[in-house]
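The values are calculated or read from the model by the stated rules, or taken from the named source; none is laboratory data. Since we're looking at a predicted model, the values are computed, not measured. Glycine gets a Cβ as well: all are built from the backbone with ideal geometry, and neighbour counts include every protein chain shown. The area values use the complete protein model at the heavy-atom level, side chains included, leaving out ligands, DNA and RNA. Shrake-Rupley method; radii C 1.70, N 1.55, O 1.52, S 1.80 Å.
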Amino acid sequence: MLRGKHIILGVTGGIAAYKTPWLVRDLIREGADVQVVMTRSATQFVTPLTLSTVSKREVLMDLFPPSTEEPTGRWTEHIDLALWAELLLVAPASANTVAKIAHGLADNFLTTLILAARCPLVVSPAMDVDMYRNEVTQANLVALKEAGCHIIEPESGELASGLKGPGRLPELARLIEFLEKILTGSTRDLAGKKILVTAGPTFEPIDPVRFVGNRSSGRMGFALANAASQRGAEVTLVSGPVSLATPRQTTRIDVRTAAEMMAAVDRLFPEQDALIMSAAVADYAPATIAEQKIKRDRSGSSGLSISLKSNPDILKALGSKKTNQVLVGFALETENGLENARKKLSEKNLDAIVLNDPGVEGAGFETATNVVTIIGRSGSPRTLPKMSKFDVANEILNEIAPILKSVR
Ligand code: CTP
């Protein structure tokens, strides 16, 4: 299944690096064309000569020639290779390299290549159990998932240190099966579907420097865009003001106000198969926007009142227009959650609604996790345990995937 596929194997400094000659051999047996890239630390565990012999290609390690007297080679080699690759696997991925990828560092050939690559990136962390469980490593792995990388969970068992727990490189057959799934598209169950996702807050201006807004971070919507695009959908992300990186392979349109979001969604909606409104749209906006910065009233009078006007309800407007699109809304409720969410589901003509309560531990705007209940049109509510927003995103997509299959 890997016949003719261009695969880059990035090997980093961990004891499991000693298994990589067999991994290269198995990938080549499956028909793949494998280019190995090593970090300097990896060479402590397996030699470049071994990996170049089994891969039949020179192993790449350094960005720069060892001295100015050496031939310069080609400076753009990392870019050429990034474009050549159809899949980039980092195995084993050390805690150090995971951290570098999560933060966009490019201090060696491998991390530079990863930044430049357009193809799917698969990371197989393997390290000692405590390094793996370390909160910083876990946060880095969540960041990688949120940035659109595929993570292969390590296996549990006895580790080189003698400790037991997760951290082992999975069986090679499992690694190869994972790559095949990505390359052959069997995890791409949303291929051919166009999905529009909204994310973040909206900011409604009061004057040139102030606004009415809310605390939405946009993480849930970005996780949805990321998960949908990993599953093969053509994703457009309409985002309010957030400070998040655009997930790989999604088209992003930035807006500020509810009116701008309405205009963008309304324009894009007719050609979509689904709309997932995870944005926390401000329900009200100042009735007038002051042209100049409002000055403080120093007379000691009673303060300032701002009169607000209603914003359009984007979801409701599109719910009344929809032809065969799948519509998903969110409901943030602090009381009578199920009842209120069901009411919104029917009033806005939705196919599913995702209910959350910001008061629950691990749920809400600023967390990396969420606790939600998904309510479909006919089914009973499905309450999920606390999980990462990326995993919640996949659960939401699981809810609509069967409906999407029957659309068009
Ligand atoms: N929504 C929208 N346009 C708005 C407000 C909300 O499209 N002007 C969408 C949100 O993206 C979300 C859902 O509608 O998917 C939330 O429903 P809504 O009834 O607006 O919830 P709340 O704003 O929380 O309403 P309330 O405060 O009355 O509970």
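Of the residues making up the range 330-339, just one is more than 9 Å from the ligand (Cβ to nearest atom) and open to solvent by less than 60 Å² (accessible area, probe 1.4 Å), namely G337.
Among the residues of the range 32-52, are any on the phi < 0 side of the Ramachandran plot, modelled with pLDDT under 95 and not small (G, A, S)?
Checking the range 32-52: not a single residue is on the phi < 0 side of the Ramachandran plot, modelled with pLDDT under 95 and not small (G, A, S).
Residue count for the range 244-299, restricted to those that are at pLDDT below 95 and either of a type outside the set (D, E, K, R) or within 12 Å of the ligand (Cβ to nearest atom) (or both): 8.
Here R298 meets the list (1) surrounded by fewer than 19 Cβ atoms within 10 Å (Cβ to Cβ); (2) assigned by TED's automatic domain parsing to the domain that holds F211 almost entirely, failing just condition (2). If the condition is being aliphatic (A, V, I, L, M) and touching a Leu at 6+ places or on another chain (Cβ under 6 Å), then the range 200-226 contributes only A225. When R342 is tested against (1) in contact with a helix residue (DSSP H, G or I) (Cβ under 8 Å, 6 or more places away or on another chain); (2) within 16 Å of the ligand (Cβ to nearest atom); (3) open to solvent by 40 Å² or more (accessible area, probe 1.4 Å), just one condition goes unmet, and that condition is (1). Figure legend. Inter-residue proximity from the range 279-299: first residues more than 23 Å from R219 (Cα to Cα), second residues away from the ligand (no atom under 16 Å from the Cβ) and open to solvent by 100 Å² or more (accessible area, probe 1.4 Å), beta-carbon distance below 8 Å, spacing 6+ or different chains. Indicated pairs: I294/L304; D297/L304. Please list, ordered by first then second residue, the pairs with beta carbon atoms under 8 Å, 6 or more apart or interchain, first in the range 310-339 and within 21 Å of T373 (Cα to Cα), second in a strand (DSSP E or B) and more than 12 Å from the ligand (Cβ to nearest atom). Short answer, once both residue conditions are applied: V326/A274; L327/A274; V328/A274; G337/T373; L338/T373; L338/I375. Per this entry, L244 is not counted among residues that are part of a strand (DSSP E or B), in the same structural domain as A393 (by TED's automatic domain parsing) and crowded, with 18+ Cβ neighbours inside 10 Å.
Right, A32: in the same structural domain as F109 (by TED's automatic domain parsing), closer than 25 Å to P166 by Cα and either without any contact (Cβ under 8 Å) to a residue 24 or more places away in the chain or not basic (K, R) (or both) or not? Steps first, please.
On the way: in the same structural domain as F109 (by TED's automatic domain parsing): yes; closer than 25 Å to P166 by Cα: no; either without any contact (Cβ under 8 Å) to a residue 24 or more places away in the chain or not basic (K, R) (or both): yes.
Considered against the rule, which asks whether it is in the same structural domain as F109 (by TED's automatic domain parsing), closer than 25 Å to P166 by Cα and either without any contact (Cβ under 8 Å) to a residue 24 or more places away in the chain or not basic (K, R) (or both), A32 comes out as no.
To keep it simple, each residue is scored yes or no on (1) open to solvent by less than 10 Å² (accessible area, probe 1.4 Å); (2) farther than 22 Å from A363 by Cα; (3) aliphatic (A, V, I, L, M); (4) assigned by TED's automatic domain parsing to the domain that holds T20.
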position: R174; (1), (2), (3), (4): no, yes, no, yes
position: E177; (1), (2), (3), (4): no, yes, no, yes
position: T202; (1), (2), (3), (4): yes, no, no, no
position: G221; (1), (2), (3), (4): yes, no, no, no
position: G240; (1), (2), (3), (4): yes, no, no, no
position: Q249; (1), (2), (3), (4): no, yes, no, no
